[in-house]
Amino acid sequence: MAKLKELEELLIRGTITRREFIARVSALGLTAAVSPLLFRSHAQAATPQKGGRFRLGLAGGSTTDSLDPATITDMMLQVLNQGQLRNTLVEIDHEARPIPELAESWEATPDAKKWVFKLRKGIEFHNGKTMDADDVIYSINHHRGPDTKSAAKGIIEAIADINKDGNETVIFTLKGGNADFPYIMSDYHLTISPAGSNFLDGIGTGGYMLKDFEPGVRAFAVRNPNYFKPDRARFDEVETLSIPDVNARTNALKTGQIDAMNRCELKTVRFLKHTPGIQVMEQNGFKHYTFAMRCDTAPYDTNDVRLALKYAIDREQMAKTILRGFGTVGNDHPISQANRYHASDLPQRQFDPDKAKFHLQKAGVGDLTFRLHAAEAAFVGAVDAAVLCKEKAAKAGINIDVVREPNDGYWSNVWMKKPWWAVFWGGRPTEDMMFSTAYAEDASWNDTFWKNERVNKLLVTARAELDESKRRQMYIEMQGLVRDDGGVVVPMFATDLSAANDKIGHGPLAANWEMDGFRCAERWWFKS
């Protein structure tokens with residue numbers, strides 16, 4: 001009967017279809033026990049309703065936040081920018097496929113060096129201006145050039161030129177071929193704003209129009225009556241609240257102060273699952289947690305120090321203790337099992353105190369105390385994970401001092417500032433995007449400040465390689481180089497856990513980012 005209840009819950013939520021439900025129940029020999037009321041509930045859940053105020057309580061948010069998409073780093077702004085106010089040329093669906101959004105189609109030359117995007121006609125910005133090729137070129141160029149501070153600089157570095165052919169065609173000429181280029185155009189930084197705008201007013205083509213924004217606290221938006229997707233953006237209003245503390249988010253959901261939250265507390269999520277009126281949603285994708293070391297700062301500029309710390313960490317214990325079954329063990333590189341070219345045959349690094357001691361002695365750094373900075377803003381359980389690092393490293397004679405940092409301002413004051421710290425990565429749907437964003441030498445978010453000539457060469461070559469077998473081998477080699485030479489410890493890949501009241505309806509969830517690919521406000525609805 002437990003299996004039947006699980007199937008009933010999946011049916012009501014719309015996770016499986018009525019046909020799938022009947023087939024699975026029949027296979028269990030339980031057809032006679034099924035109530036027809038379930039199908040009525042499913043029909044209600046599957047019929048999207050319009051109206052209501054959708055209240056989101058999210059981790060992240062800082063008083064230093066800006067609506068400039070080039071500077072966005074955390075959940076509150078990601079969900080606001082791409083999920084409510086603005087759109088990209090390409091959208092990623094629930095099967096991790098690139099599908100048209102502001103572009104209606106695209107095609108490439110055989111060498112994948114030139115990409116022609118046809119834009120949808122008649123799409124309006126919130127200020128009434130009709131979107132055209134000039135707006136696209138202006139918005140993408142905001143992230144290009146030597147002086148840009150954009151986090152997207154690394155992934156669009158390969159663009160040599162952008163031109164238009166009339167008002168509805170944009171032509172991207174690349175420095176080399178890139179078979180994954182449509183995925184790049186889905187990145188949440190690359191949203192489209194009107195040409196000449198300062199990007200700070202939140203004006204876009206999205207399903208909601210901004211009415212109020214208090215950085216790090218609250219955003220309020222109302223439905224765009226002229227939205228070009230008639231079956232999306234069904235809420236009348238969306239209120240997005242920054243609630244960094246996971247217990248406060250959970251209590252707000254339980255008491256009806258919010259309708260949905262992200263990043264459930266892993267220690268208590270099993271109890272939350274059984275709370276009446278609450279649904280917990282799991283997404284297995286690309287999200288991973290890291291401990292990043294600055295390779296340009298002593299003592300982390302010595303690879304033997306980096307290897308010593310990597311061998312001093314027990315990934316199995318950390319994944320079991322912190323993730324509590326909601327995720328998998330990492331192997332010190334950022335490519336997940338959900339990625340196409342995951343290096344499944346790469347030997348798994350194990351906790352090995354003897355090897356840790358060996359590499360530390362080889363580094364010749366003497367008796368050091370390593371300071372590991374962490375806060376719950378990095379990821380739920382980050383401080384506990386840092387403490388586990390400290391405890392295990394002690395068995396190898398390595399001293400680690402855990403520095404607990406404030407949540408507010410963590411991404412401004414700690415990330416890429418301190419020598420060693422905890423990091424949350426949403427991951428990327430392609431290997432090229434992940435390496436280009438965080439491991440290319442000149443990437444804005446190369447948070448380990450790591451420079452590896454071989455990786456930089458492979459990155460360019462693999463991007464243009466159209467032979468699947470050759471491309472796979474290049475990405476596998478890159479994963480090994482990051483694992484054995486890079487400045488990052490990747491102990492675990494985490495399941496995205498979000499929760500909502502059971503009045504919320506939704507379809508199959510995208511796993512490219514949290515909260516249905518950041519698009520919960522656009523894709524979800526109230527059942528009644």
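Taking the Cβ-Cβ separation of residue 470 and residue 338 as r and a Förster radius of 22 Å, what is the calculated FRET efficiency to the nearest 0.05?
For residue 470 and residue 338, the calculated efficiency is 0.50.
Hey, what do the phi angles of region 301-308 turn into as Karplus ³J(HN,Hα) couplings, whole Hz, using 6.51/-1.76/1.60 and θ = phi - 60°, x for Gly and Pro?
Rounded to whole hertz, the list is 6, 9, 5, 5, 5, 4, 5, 4.
Extension gain residue 47-residue 268, at 0.36 nm per residue separation less the Cα-Cα distance, in nm?
Roughly 76.4 nm would be gained on extension.
Counting only C-alpha contacts under 8 Å and six or more residues apart, can you give the relative contact order of region 186-293 as a whole percent?
About 13 percent, as a whole number.
Taking the Cα centre of the chain as the origin and placing charges on Cβ (Lys, Arg +1; Asp, Glu -1), which of 462, 220, 189 is farthest toward the positive end of the dipole?
It is 220, whose Cα lies furthest towards the positive end.
Okay, helix-only estimate at 222 nm for the chain: each DSSP H run of n ≥ 4 adds -39500 (n - 2.57), divide by all residues, round to 500 deg cm²/dmol; what do you get?
Calculated at 222 nm, the ellipticity per residue is -8000 deg cm²/dmol.
No solvent, one uniform scatterer per C-alpha: report log10 I(q)/I(0) for region 235-321 via the Debye equation at q = 0.10, 0.23 1/Å, two decimals.
Taking Cα atoms of region 235-321 as identical point scatterers yields -0.46, -1.19.
Please label the shape of region 372-528 as rounded, prolate or oblate, based on the square roots a ≥ b ≥ c of the eigenvalues of the alpha-carbon gyration tensor (a/c under 1.5 means rounded; beyond that, a/b larger than b/c means prolate, else oblate).
Judged from the Cα gyration tensor, region 372-528 comes out oblate (a/c at least 1.5, b/c at or above a/b).
Hey, how much of the P(r) for region 52-139 falls beyond 17 Å, as a percent of Cα pairs?
Counting every Cα pair in region 52-139, those more than 17 Å apart make up 63 percent.
Taking the Cα centre of the chain as origin, work out the dipole magnitude from +1 charges on Lys and Arg Cβ and -1 charges on Asp and Glu Cβ, in debye rounded to 20.
Computed charge dipole of the chain: roughly 1320 debye.
Lysines near residue 392 by alpha-carbon distance under 29 Å, same-chain residues fewer than 8 away left out - which ones?
267, 287, 310, 320, 355, 357, 362, 417, 418, 451
Relative contact order for the chain: what percent, with Cα pairs under 8 Å and sequence separation of 6 or more?
Contact order relative to length: 22 percent.
So what does the Cα-only Debye profile of region 288-494 read at q = 0.11, 0.12, 0.16, 0.18 Å⁻¹, as log10 I(q)/I(0), no solvent term?
Result of the Debye calculation: -0.48, -0.57, -1.04, -1.31.
What distance in nm separates the simple spin-label points at residue 387 and residue 365, each placed 7 Å from Cα in the Cβ direction?
Computed distance between label sites residue 387 and residue 365 equals 2.4 nm.
Considering only 145, 94, 423, whose Cα is most displaced toward the positive end of the charge dipole of the chain, charges sitting on Cβ of Lys, Arg (+1) and Asp, Glu (-1)?
Going by the charge dipole, the pick is 94.
Ranked by Cβ crowding within 10 angstrom, fewest neighbours first, how are 71, 47 ordered?
47, 71
Give me the number: length gained by fully extending residue 226 to residue 247, i.e. 0.36 nm times residue separation minus the C-alpha to C-alpha distance, one decimal in nm.
3.8 nm
Using amide H atoms built 1.01 Å from N in the peptide plane, name the residues 5+ places from residue 444, or on other chains, whose amide H lies under 5 Å from its own.
Hits under the 5 Å cutoff: 153, 154.
Between residue 485 and residue 324, 0.36 nm times their residue separation minus their Cα-Cα distance comes to what?
55.0 nm is the gain from fully extending residue 485 to residue 324.
Mind sorting 389, 295 by how few other Cβ atoms lie within 10 Å of their own Cβ, fewest first?
295, 389
Can you pull the Kirkwood radius for region 446-528, inverse mean 1/r over Cα pairs, to one decimal in Å?
Its Kirkwood hydrodynamic radius stands at 16.4 Å.
Quick one: grab the alpha carbon gyration tensor of region 87-184, order the square roots of its eigenvalues as a ≥ b ≥ c, and give me rounded if a/c is under 1.5, else prolate or oblate depending on whether a/b is larger than b/c.
Cα axes put region 87-184 in the rounded bin.
For region 280-349, what does the relative contact order come out to in percent, with C-alpha contacts under 8 Å and a separation of six or more?
34
Any read-out appearing in this document is the output of simple, stated calculations on the displayed coordinates, not a laboratory observation. On a predicted model such as this, the values are computed, not experimentally measured, just so you know. Cβ: placed from backbone, ideal geometry, glycine included. Neighbour counts: every protein chain shown.
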